[in-house]
Amino acid sequence: MARIKFTTDSAADIPAALREELSIQVLPFPIAMGDKEYADGFDFTPEEFYGMLLAAPQIPTHAQLNPYVFTELFEQAWEEGYTDLIHTSINSKGSATCSNAFQARGDFYRDHPEAEETFHIHIIDALNYTMGYGWAVVQAARMAAGGAEPQTVTDFIQDWVDHVRVIFAPLDLRFAKKSGRVSAAAAFVGEALGLKPIMTFTDGESKILAKVRGEKAVVARLAELCRSERRPGTPYLMIQGSNAEQSARLRDVCRQELGEEAALSYQIGGVIAINAGPNLIGMIYRV
């Protein structure tokens, strides 16, 4: 019988309660803030980090997860008797973390050729961020708990990340422009005119879907995009940051326009907040 271990990184933004409930191992990105280093998603709550981020004299930085982190992960899972480890990774076009996982897998099997037949390491490149892939890991872990086989759950994760849409509006572009990791935000002009970008990721690259004037228009457009694009009968998620007012407005508009509640409303973690800014709202759904 298969024993499956689910792992991902902290940029997946899986809420602590869900990762604990489903025994999902989350590898934290190290965040450097001044002379201190923090483990993303473990050393602070999202709300605590927003305050730290806004008070910091310089934008904090975060490092990739190096091959050694993954080597340790694979060694431990093999020693613990798992037959399959399914790791879903942050966008390979925005971080070397994913390629480091592949490198570590090759090194592991080179060092342990006897493990190739009994311990299967699956690595999935999400080509996306936040619960755009975190949700797939959560659902896959639930499927496995119900008896689903490794191939079934890896196929599910791959299918989800191939068809997921993450749309978001950074209501304050300072962080996105300074970090440089969201290239479409860095190139955006129009703030002086009161314009706000609604953004997404396509094949791992950031793109601007729309430019709207004012925060109320942002909320309406997000709901409209979800209503027109979302595959019927599939759930949607709400992305929240530090802006409780606009998050509540989006929740109300979605309830009216879509006729149902979000499957999950959650707050972005440290890595996402550093690169997109804490003042954002967004949605995730399948297309």
- Message: Cross-link candidates for LYS93: which lysines have Cα within less than 29 Å, leaving aside residues fewer than 8 places away along the same chain?
- Response: LYS5, LYS36, LYS177, LYS178, LYS196, LYS207, LYS211
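Please state the relative contact order of the chain as a whole percent: Cα pairs under 8 Å, 6+ residues apart?
On the way: 534 pairs, mean separation 60.6, N = 287.
So the answer I get is 21 percent.
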- Which value results when the Cα radius of gyration for the chain is divided by 2.2 N^0.38 Å? 1.00
- Item | Positive-end residue of TRP135, PHE201, HIS120, charge dipole of the chain with Cβ unit charges | PHE201
- Message: Sequence gap at least 6, Cα distance under 8 Å: using those rules, report the relative contact order of segment 1-122 to the nearest whole percent.
- Response: 29
- Item | Listed residues THR71, MET52, THR83: farthest to the positive end of the dipole of segment 30-153 (Cβ charges) | MET52
- log₁₀ of I(q)/I(0) at q = 0.09, 0.13 Å⁻¹ - segment 4-161, Debye sum with one point per alpha carbon: -0.30, -0.61
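Throughout, read-outs are computed from the coordinates displayed, never taken from laboratory work. Not measured: the values here are computed from a predicted model. Positions of Cβ are generated from backbone atoms using ideal geometry, with glycine treated the same way; all protein chains shown enter the neighbour counts.
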